[in-house]
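Notes follow the structure.
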């Protein structure tokens, strides 16, 4: 929420109490949405967890849909920022084909650990969102995709395009190639761990990721000229 311009033309910050209440509401809402899902979550429950009245929530967000949109957008932007930094840190140093496989394996392993970090509450909401996708307003899915997955996909595609330009991979469609990498690594982990409900051990995770990266490279390494 933006500040209000004062008579001198500068921007005055909103009262700290209002900022604190908004933060309390979004933090509580993230926990409730992650636990109960969008459909079952009640404004009254969120208000109780935030220590505010339901009227205060409506004053800030005008209803559950806007509150959910604010919650998922805010944390998706934060997570996307962290993932883009991971992508840059692992793929920027790749200078040749020899360094590509270990970089892609290390990236997927680091990426897989993100849901267990300070972003655990966000990924709990995402799991609920995906489970309820067919029952959610389409606008909420767009908010999530625009703020999070599409940003990280675009960052990964940008690196794959650069690697293609240096002859390290052969990629016609960088966005599709980014999807293939994620499906073969993180997607395989997700399938084998029942969506994270039964996490794999480190050795098994490394085996699954390495196999996925090698399958990816089997499709995207340059072919020798006939």
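The values are calculated or read from the model by the stated rules, or taken from the named source; none is laboratory data. Note that the coordinates shown come from a computational prediction; the quantities given were computed from them, not determined experimentally. Note: ideal-geometry Cβ built from the backbone for every residue, glycine included; neighbour counts use all protein chains shown.
As for segment 67-85, it holds at least one residue that is surrounded by 18 or more Cβ atoms within 10 Å (Cβ to Cβ), in contact with a helix residue (DSSP H, G or I) (Cβ under 6 Å, 6 or more places away or on another chain) and more than 30 Å from residue 43 (Cα to Cα).
Among all positions in segment 185-200, there is no residue which is in contact (Cβ under 8 Å) with a residue 24 or more places away in the chain, over 21 Å from residue 86 (Cβ atoms) and surrounded by 14 or more Cβ atoms within 10 Å (Cβ to Cβ).
Residue 195 meets the conditions (1) on the phi < 0 side of the Ramachandran plot; (2) modelled with pLDDT under 95 in every case but one. The failed one is (1). In segment 86-123, the residue that is surrounded by the fewest Cβ atoms within 10 Å (Cβ to Cβ) out of those that are at pLDDT 95 or above and outside any helix (DSSP H, G or I) is 93. Against the conditions (1) crowded, with 19+ Cβ neighbours inside 10 Å; (2) in a helix (DSSP H, G or I), residue 130 satisfies every one except (1). Residues in segment 201-222 that are touching a helix residue (DSSP H, G or I) at 6+ places or on another chain (Cβ under 6 Å), free of Cβ contacts under 8 Å to residues at least 60 places away in the same chain and surrounded by fewer than 18 Cβ atoms within 10 Å (Cβ to Cβ): 1 in all. Any idea which of (1) surrounded by 15 or more Cβ atoms within 10 Å (Cβ to Cβ); (2) more than 23 Å from residue 162 (Cα to Cα); (3) without any contact (Cβ under 8 Å) to a residue 24 or more places away in the chain is the one residue 59 doesn't satisfy? All conditions are met except number (1).
Condition first: under 15 Å from the mean Cα position of the chain (by Cα) and closer than 30 Å to residue 29 by Cβ. Can you find one or more residues in segment 101-109 that meet it? No, every residue in segment 101-109 fails to be under 15 Å from the mean Cα position of the chain (by Cα) and closer than 30 Å to residue 29 by Cβ.
Counting only residues that are part of a helix (DSSP H, G or I) and farther than 15 Å from residue 24 by Cβ, how many does segment 59-74 have? Give the steps one after another, and end with the answer.
Keep residues of segment 59-74 that are part of a helix (DSSP H, G or I), which gives 59-61, 64-74.
With the extra rule that they be farther than 15 Å from residue 24 by Cβ, the set shrinks to 64-66, 68-69, 72-73.
Of the residues in segment 59-74, 7 are part of a helix (DSSP H, G or I) and farther than 15 Å from residue 24 by Cβ.
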